[in-house]
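Values quoted throughout were computed directly from the atomic coordinates according to the rules given, and no laboratory measurement underlies them. Values in this document were obtained by computation on a predicted structure and should not be read as measured data. So basically every Cβ, Gly included, is an ideal-geometry build from the backbone, and we count neighbours across all protein chains shown.
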Amino acid sequence: MAKTAVVKTQPNFLEQVKASPERIKLFCGDVRNELRKVTTPSRKEVKATTLVVIVTVFIFGVYFWMVDGVIGKSLDSIFKYFSTH
């Protein structure tokens, strides 16, 4: 059984230019439909998510400060050990 392959040809420049207004119109319609789905969060939701972000950033900051301190002290000890021997 023979298999057939569909070969897509690239439209030439003139065809692309002719299709541009229709593509732009379709794109704008799609954007409008998506923007209708957008809802603005309430003030309570914004406060809650902002608090979560601030707490998370603080926790990660403390964590990385501690990891940096441990790695820094370890490297200092290693360098001091090898510089004296």
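Numerical summary
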read-out	value
Scaled radius of gyration (Cα, divided by 2.2 N^0.38 Å) that the range 13-84 gives	2.45
C-alpha long axis of helix 43-84 to longest principal axis of the chain, angle in °	50 degrees
GLU34/PHE13 FRET efficiency (R0 25 Å; Cβ-Cβ; nearest 0.05)	0.25
